[in-house]
Amino acid sequence: MKITFDDTITQRLLAMIEDKPADFVLDFDHTLSDETVASTCCGITRYRIVAVNKGEVPAVFDGRIESPLGDFYCKAWGMMYFDENMYVRMTPNHLIEIMGDGEKIAPHIEIVDYRNH
């Protein structure tokens, strides 16, 4: 399984780690949040790419997705909802979406930095 990024997203992620290294988590159920999110049938409510301190990925993120920027971490149980090839891109209306093999996985995701939390 792998995830790649368009140039805009690649540059944004590289800028985040330019001065301070990070690991990236694909957080799909707000585990890394103070926000309370209602549970759904499958537990996936909103995707976010979260930068965490290098080497400090919480153990609950026991899955890995290969990327050109290094491994992205996620909860292994949620990988059944992913496609083998995923692509993150900026849309013409400046939203960020994750595409799978032929279909949209998530129409609007956030990129957040939790290294200072």
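The values are calculated or read from the model by the stated rules, or taken from the named source; none is laboratory data. Given the structure is predicted, the values throughout are model-derived calculations rather than measurements. Cβ coordinates were reconstructed from backbone atoms using ideal geometry, including for glycine residues, and neighbour counts include every protein chain displayed. Each accessible area value is taken on the protein alone, full model and side chains, heavy atoms only, with ligands, DNA and RNA left out. Shrake-Rupley method; radii C 1.70, N 1.55, O 1.52, S 1.80 Å.
How about the stretch 82-117: which of its residues are in contact with a strand residue (DSSP E or B) (Cβ under 8 Å, 6 or more places away or on another chain) and over 16 Å from F28 (Cα atoms)? Passing the criteria: E84, N85, R89, M90, T91, D101, R115.
Contact map, the stretch 83-111: first residue touching a residue at least 60 places away in the same chain (Cβ under 8 Å) and in a loop (DSSP other than H, G, I, E, B), second residue open to solvent by less than 50 Å² (accessible area, probe 1.4 Å) and of a type in the set (K, R), Cβ cut-off under 9 Å, separation 6 or more or different chains; pairs are I109/R48. Pairs linking a residue in the stretch 1-26 that is closer than 17 Å to V50 by Cβ to a residue that is open to solvent by 80 Å² or more (accessible area, probe 1.4 Å), with Cβ atoms under 7 Å and 6 or more positions apart or on different chains, are I9/R89; P21/K54; A22/K54; D23/K54.
State which residue is nearest to the chain's Cα centre (by Cα) when the search covers only the stretch 70-82 and only residues that are farther than 18 Å from I109 by Cα and outside any helix (DSSP H, G or I). Steps first, please.
Here is the first cut: in the stretch 70-82, the residues farther than 18 Å from I109 by Cα are 70-71, 76-77, 80.
Filter once more, so that each one left must be outside any helix (DSSP H, G or I): 70-71.
Values: G70: 12, D71: 11 Å.
Selected residue: D71.
For M79, the test of being at pLDDT 95 or above, over 20 Å from E18 (Cα atoms) and touching a strand residue (DSSP E or B) at 6+ places or on another chain (Cβ under 6 Å) is failed. Applying the condition of being open to solvent by 40 Å² or more (accessible area, probe 1.4 Å) and free of Cβ contacts under 8 Å to residues at least 24 places away in the same chain to the stretch 53-70 and asking which residue is farthest from T10 (Cα to Cα) yields A59.
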